[in-house]
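The values are calculated or read from the model by the stated rules, or taken from the named source; none is laboratory data. Just so you know, these numbers come straight off a predicted model, no measurement behind them. In this analysis, Cβ positions are derived from the backbone assuming ideal geometry, glycine residues included, and neighbour counts consider all displayed protein chains.
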Amino acid sequence: MSDEVVSRVHREAWWKRMSRKMDRASLAFSEQVRDTVLLRRDLDDDFYDDLLEILVGADAGMGVAEQLVATLRERVRMERIGTAEDALVALKAEMLVMLEARDRALHLDDRPSVVLVVGVNGSGKTTTLGKLAHRLQGEGRTALVAAADTFRAAAIDQMRIWAERSGTDVVAHQPGADPGAVVFDAIQAALARRVDVILVDTAGRLHTKSNLMAELEKVRRVIERSLPGAPHETLLVIEAATGMNAMAQARAFHDAMTLTGIVLTKLDGTSRGGTILAIEAELNIPVKLVGLGEGIDDLNVFDPAAYLDALFAGVLDVPTPRGAQDETGRAGPP
Ligand SMILES: Nc1nc2c(ncn2[C@@H]2O[C@H](COP(=O)(O)OP(=O)(O)OP(=O)(O)O)[C@@H](O)[C@H]2O)c(=O)[nH]1
Ligand SMILES: [Mg+2]
């Protein structure tokens, strides 16, 4: 088979998988589109009002939804688009332009690079790092985990179990120890062992508790002082179903930590597919990774085209032709 055929097969497999995993978001979105928008004969104000409502309902955020609908109106007029279906194709294309404008790469070229994950309790930080360690090892890079969630004894064990799955070393202290000291030791160990990437797990915390946020800032300062240029990535882990409350979380963590990206977890279990658009637009922070399940392989780089194909599955069943995002698409499974 030629390279082109292989990569097309790859992409289709990825698209199918993403569609399957996002079936709830996809169903909610496509059912509404079918039941309202597609039934309309005219592309009149009612059509655009319905569309706006569906986008807001999917948590795309009012600002983004209004911008998309306004651009679509203009496009329909300019390109003389006549049917609801063609208008949807144009809408999807607009969304793709919006999503593809962002840099979603993890910048981990320095050795060692540091990835710090933060977020509220139970959002999926430890799981995400376990999956990321596996992914990095699969790419031939060595990783080391700093078990800096010292708040609960069980957290250290949980991190160890995840790290063991990919044969990743863990630096840990006793429960209750200073997270900053764990991180410091991990960086020294990584330098000595010439490890590529240090993955720092932190304790979940409410973004509204200022003492806990101050503790996180301290961890960050230790990282900055121990390794110039670090942390290379500071990722906020958010559950997709959090909806618009995610905005408050993201704002608070961004103020304290200067985030470089977002990991949207549990996208497999939510009917709210649009949060990505809202967060990115409002806070200007890209979604870099998505969690699509509890398995070790269920972490993906975020591929905008696959995401939109999954979201529109059942309404527009033709996968978007891919251009600029080939790199990211190829990085996805299988
Ligand atoms: N379905 C699904 N479940 C997930 C995903 N990511 C994490 N989980 C589950 O969410 C639960 C919490 O995950 P953790 O990784 O422990 O979350 P955490 O942020 O480390 O939690 P704390 O350390 O307590 O703050 C676990 O049961 C995970 O299996 C995902 O992408 N999809
Ligand atoms: Mg954890």
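Quick look at the numbers
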quantity: Where a residue in the range 286-302 is at positive phi and its partner, wherever it lies, is surrounded by 21 or more Cβ atoms within 10 Å (Cβ to Cβ) and aliphatic (A, V, I, L, M), with Cβ under 7 Å and at least six apart; calculated: none
quantity: Unique residue being within 16 Å of ligand 2 (Cβ to nearest atom), more than 22 Å from the chain's Cα centre (by Cα) and over 20 Å from P228 (Cβ atoms) when the list is R205, R152; calculated: R152
quantity: Selected residue [hydrophobic (A, V, I, L, M, F, W, C), more than 13 Å from ligand 2 (Cβ to nearest atom) and more than 19 Å from P231 (Cα to Cα)] from A133, A65, A105; calculated: A65
quantity: Qualifying positions in the range 70-103 - part of a helix (DSSP H, G or I) and basic (K, R); calculated: R73, R75, R77, K92
quantity: Condition met for T36 (at pLDDT 95 or above and either within 30 Å of A163 (Cα to Cα) or surrounded by 14 or more Cβ atoms within 10 Å (Cβ to Cβ) (or both)); calculated: no
quantity: Helices (runs of 4 or more DSSP H) lying entirely in the range 104-193 (those with 2 or more residues that are over 17 Å from D298 (Cβ atoms) and more than 14 Å from ligand 1 (Cβ to nearest atom)); calculated: 179-193
quantity: Verdict on R205 being modelled with pLDDT of 95 or more, over 23 Å from H107 (Cα atoms) and of a type in the set (K, R); calculated: no
quantity: Set V145, V114, V97: member being over 17 Å from the mean Cα position of the chain (by Cα) and modelled with pLDDT under 95; calculated: V97
quantity: From the options P179, P175, residue that is free of Cβ contacts under 8 Å to residues at least 40 places away in the same chain and touching a helix residue (DSSP H, G or I) at 6+ places or on another chain (Cβ under 7 Å); calculated: P175
quantity: Residue match in the range 172-180 (condition: within 22 Å of the chain's Cα centre (by Cα) and of a type in the set (D, E, K, R)); calculated: no
quantity: Meets criteria (without any contact (Cβ under 8 Å) to a residue 24 or more places away in the chain, farther than 14 Å from V170 by Cα and away from ligand 2 (no atom under 16 Å from the Cβ)) for R220; calculated: no
quantity: Residue count for the range 52-62, restricted to those that are under 16 Å from V97 (Cβ atoms) and in a helix (DSSP H, G or I); calculated: 1
